[in-house]
Amino acid sequence: MVRIRFCEESFVEPILNGEVRCPVHLYSGQEAIAAGVCSALTEKDYIFGSHRSHGHYLAKGGNMQELVAEIYGKGEGCSRGRGGSMHIIAPEIGMVGSAPIVAGTIPLALGAALASKIKKEKRVTVSFFGDGAAGEGVLYESMNFAALKGLPIIFACENNFYSTHLPIRECRPENNIFMIGKPFCIQSYRVDGNDVLKVYDVSKNAVGLCRKNRGPVFIEFVTYRLRGHVGPDDNIQETHTDIRPKEEIAKWRKKDPIRRFQAFLIKNRIIRRETLERIDREVEEEVKEAHEFAKESPYPNPNELTKYVFKE
Ligand SMILES: Cc1ncc(C[n+]2csc(CCOP(=O)(O)OP(=O)(O)O)c2C)c(N)n1
Ligand SMILES: [Mg+2]
């Protein structure tokens with residue numbers, strides 16, 4: 001969680017000063033979900049993400065230097081500088097891909113889960129998406145098919161109450177996303193997405209069900225993003241600012257998943273404060289090195305624009 005947070009926050013400056021030019025959707029505040037879910041998976045399991053997926057990539061074991069290089073559009077990035085922040089991929093560790101079309105990767109995850117079932121691979125696929133994706137028809141088609149075929153897929157909905165600047169209360173009659181799995185006879189849960197231990201427990205149970213051929217599972221993780229929809233505070237182009245009420249943001253800051261877990265660890269004498277501080281320092285160094293690596297990386301060669309697009 002600390003690696004994700006520090007890596008995300010390290011982009012604030014480069015975004016504001018124009019060094020990073022692609023749209024960047026920061027994951028700060030939602031770290032417990034990526035960390036908790038991915039801790040319940042093995043390397044051979046698959047995950048698919050969305051436009052806000054740096055955290056999923058890191059939690060699944062993606063290389064931080066390649067992530068940062070990708071966000072700078074460099075040739076040594078995880079998508080070879082062709083994708084930027086919203087097209088993060090690391091198939092070698094099961095991060096099969098991410099894309100900014102809202103709900104766009106859900107049917108891709110479904111296909112991966114179908115393939116795993118046909119090949120009897122015992123592999124679990126997690127599809128991460130936001131509350132906004134619950135307004136897209138393809139999610140319902142995918143849930144129906146997954147339930148019909150008993151696919152080993154976890155629909156992981158990160159409900160942060162906003163779809164860009166639209167509060168959930170203005171687009172759903174009730175804030176009850178986990179209920180949408182029930183008409184398809186999918187086991188559906190809602191859990192505090194800022195409590196990493198709860199996230200881990202519900203995910204471990206869901207992974208176990210999928211491995212025993214008792215998938216799919218739907219999980220709604222209730223959470224909040226601590227930054228604006230895109231960029232640090234939504235005013236990169238200085239056209240608009242974060243429209244969310246200040247009191248609401250302040251309320252959620254108190255539920256910061258990292259601070260909560262640190263407090264738990266200290267209170268229960270599981271870890272010493274000095275160890276937490278050491279982790280912070282180590283991660284700070286790792287993030288600094290990742291930026292240095294990214295800045296030194298060359299941009300992709302324009303003559304190789306279509307390389308990786310077609311397979312001969
Ligand atoms: C099909 C589609 N419609 C609209 C958009 C524009 N858009 C980009 S992100 C976003 C909001 C997504 O909200 P949510 O799924 O809740 O994810 P969050 O940003 O909160 O993580 C929208 C509407 C898009 N990328 N794709
Ligand atoms: Mg949202």
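The values are calculated or read from the model by the stated rules, or taken from the named source; none is laboratory data. Everything numeric in this text was worked out from a predicted model, so none of it was measured. In this analysis, Cβ positions are derived from the backbone assuming ideal geometry, glycine residues included, and neighbour counts consider all displayed protein chains. Note: accessible area is taken over every heavy atom of the protein model, side chains too, but ligands, DNA and RNA are not part of it. Shrake-Rupley method; radii C 1.70, N 1.55, O 1.52, S 1.80 Å.
General observations
- With both labels modelled 7 Å from their Cα along Cα-to-Cβ, the GLU92 to LYS119 distance reads 1.8 nm.
- Label-point separation, ALA250 to LYS212 (7 Å along Cα→Cβ), nm: 4.7 nm
- DSSP beta bridges in region 113-271 [antiparallel fraction, %, rounded to 5]: 10 percent
- 3J(HN,Hα) along region 221-231: 9, 8, 7, 7, 8, 8, 10, x, 4, 9, x Hz, from the Karplus curve 6.51 cos²θ - 1.76 cosθ + 1.60 with θ = phi - 60°, whole Hz, x for Gly and Pro.
- Label positions at MET179 and GLU141, each projected 7 Å from the Cα along the C-beta direction, are separated by 2.6 nm.
- Counting only residues at least eight positions apart within a chain, or on another chain, the lysines with an alpha carbon under 16 Å from that of LYS254 are LYS246.
- Listed pairs LYS44/LYS307; LYS74/LYS295; LYS44/LYS119; LYS44/LYS198 exceeding 19 Å between Cα atoms: LYS44/LYS307; LYS44/LYS198
- Stretch gain in nm, segment GLU13-LEU148, where the contour uses 0.36 nm per residue and the Cα spacing is subtracted: 43.8 nm
- Contour minus Cα-Cα distance for ARG281 and ASP201 (0.36 nm per residue): 25.9 nm
- Taking amide H positions as modeled 1.01 Å from N, with prolines and chain starts lacking one, the residues under 5 Å from GLN30 and 5 or more places away or on another chain are LEU226.
- In straight-distance terms, cross-link reach from LYS149 covers every one of the aspartates and glutamates whose alpha-carbon lies under 14 Å from its own, apart from those fewer than eight places away in the same chain; here that gives GLU141.
- Of all accessible heavy-atom area on the chain, the percent that carbon and sulfur account for (1.4 Å): 54 percent
- Entry note, the chain: the mean residue ellipticity at 222 nm calculated from DSSP H runs of n ≥ 4, each adding -39500 (n - 2.57), is -11500 deg cm²/dmol after division by the residues and rounding to the nearest 500.
- Antiparallel %, DSSP beta bridges [both residues in the chain], to 5: 10 percent
- Three-way shape call for region 245-312 based on the alpha-carbon gyration tensor, with the a/c threshold at 1.5: prolate
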